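I have placed the structure first, in the form of structure tokens, so that the comments after it can refer back to it.
The values are calculated or read from the model by the stated rules, or taken from the named source; none is laboratory data. The model shown is predicted, which means the values in this text are computed figures rather than measured ones. Virtual Cβ from ideal backbone geometry, glycine too; neighbours counted across all protein chains shown.
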Amino acid sequence: MNVLVVGSGGREHALTWALLQSPQVKQVFCAPGNGGTATQARCTNLPIGVSEFEAIAQAVTSHNINLVVVGPEVPLAQGITDVLQSQGIAVFGPSRAGAQLEASKAWAKALMLEAKVPTAASKVFQDAAAAKAYVRAQGAPIVIKADGLAAGKGVTVAATLDAAEAAIDDVFSGTFGEAGNLLVIEECLQGAEASVLALTDGKTVRPLVPAQDHKRIGEGDTGPNTGGMGAYAPAPLVTPALMERIQAEVLDPTLKALQNRGIDYRGILYAGLMITPEGEPKVIEFNCRFGDPETQVVLPLLETPLIDLLLACVEQRLDALPPLAWKPGVSACVVAASGGYPGSYEKGAAIAGIAEAEAQGANVFHAGTQQQGNELKTSGGRVLAVNCVGGDFDRAFAQAYAALEQVQFSEMYYRHDIGYQVRTAASAAPNP
């Protein structure tokens, strides 16, 4: 069969790579794809933007595509699934109604309250003065969130009242466009974060192995939030007993609440969690798609063919599948970014050393890359993610960092402490 993956990031390259592991998949098309998918065997990039729904529908017909897999949240929030399904096209990804789970934090909070899903106490504001009065009454630390989609950059964990008020002004200044029309203010949860990506066909929900992301740009989890600077899986923090609680207290009630609202949700239900010092799982946010860079560590461990899982979700027969099979070992990845990210950065720098990194056994998943003739060049903030699977986290991260040292481009930046939670002190020490 032929599959179309919509998107251009590292997540989409990882999805393409995983789909092509299955003998069922003949060809993968990417719209628009990146430099990695451009050079992947049996993969073809199509010059179509993620929001060009009619052009995507035409490509499905012209290339005999059997399934569309939507990577990013933006086209899901815009209703790509609704448009394609109305034309009889099979799509993995929730409808526009379901995508509100990520597209509106206020909507998601209301759903969680209805479903009695454990989460941070919060309040929604449309006015900066009222929001500032609220934070002064609550005190710091406190979390300020733009309501809508902001590419992972609309959240501020404010350690002081001055920082909270500045974040409020930033949201209402128009920095995030329509995403900043509403503001959600939350209590600041304490603990360790974990990501649980689950598959659902609208009736059944089955989690994948848990992962842990590193959102901050700087060593030691400092500086502003990013789309993610590295990850590992399975996260030991999420024990089998805790996963049972997450299933019973978070995933199942959320799916039930969606059903109660008449929403047929087929795709990824991704819970970003805070595990409190008491071991309680609380939802920080939901996403309606595969995580990035979590996908780049979860899929290399998946033994069950990905295409089987996606089709089972689309065809509502997830409960009939046997238990998911996973490879032994652990998975680690480190993201290499353009200097200046998540602020302003330059594009067009030549990239070298990919083949050398892959020769060391690494999976190099491209994100902000573009093939220009015979040259590979940077085209985004997060440029690529280097993934390795090993027997333990020390070895997996050592291999990932060794492979990353083979890669070069101007102003390349990466954190040296990704996975510090699971590496030994010597292994996790930053390079001099």
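Could you please let me know if ARG266 is surrounded by 20 or more Cβ atoms within 10 Å (Cβ to Cβ) and modelled with pLDDT of 95 or more? Against the criterion (surrounded by 20 or more Cβ atoms within 10 Å (Cβ to Cβ) and modelled with pLDDT of 95 or more), ARG266 qualifies. Within region 7-50, which residues are assigned to a strand (DSSP E or B) and either in contact (Cβ under 8 Å) with a residue 40 or more places away in the chain or surrounded by fewer than 16 Cβ atoms within 10 Å (Cβ to Cβ) (or both)? Passing the criteria: only GLY7.
Residues in region 277-293 that are under 10 Å from the mean Cα position of the chain (by Cα) and either under 19 Å from ALA99 (Cα atoms) or surrounded by fewer than 24 Cβ atoms within 10 Å (Cβ to Cβ) (or both): ASN287, CYS288, ARG289, PHE290, GLY291, ASP292.
Look through region 326-383, keep the residues that are more than 20 Å from PRO32 (Cα to Cα) and hydroxyl-bearing (Ser, Thr, Tyr), and return whichever of them is surrounded by the fewest Cβ atoms within 10 Å (Cβ to Cβ). Looking at residues that are more than 20 Å from PRO32 (Cα to Cα) and hydroxyl-bearing (Ser, Thr, Tyr), I get SER344. There is no residue in region 209-231 that is at pLDDT 95 or above and hydroxyl-bearing (Ser, Thr, Tyr). Evaluated against (1) within 24 Å of GLU249 (Cα to Cα); (2) polar (S, T, N, Q); (3) in a helix (DSSP H, G or I), GLN296 falls short on exactly one condition, (1).
Looking at ASN431, ASN374, which is the one that is over 27 Å from LEU237 (Cβ atoms), modelled with pLDDT under 95 and more than 20 Å from the chain's Cα centre (by Cα)? The unique qualifying residue is ASN374.
Taken over region 9-34, the criterion of being out of contact with any Ser or Thr (no Cβ under 8 Å at 6 or more places or on another chain) and not hydrophobic (A, V, I, L, M, F, W, C) is satisfied by GLY9, GLN21, SER22, PRO23, GLN24, LYS26.
Of the residues making up region 170-189, at least one is touching a residue at least 40 places away in the same chain (Cβ under 8 Å), part of a loop (DSSP other than H, G, I, E, B), of a type outside the set (Asp, Glu) and in contact with a Pro (Cβ under 7 Å, 6 or more places away or on another chain).
Going by the conditions given, is LEU4 under 21 Å from GLY267 (Cα atoms) and assigned to a helix (DSSP H, G or I)? No.
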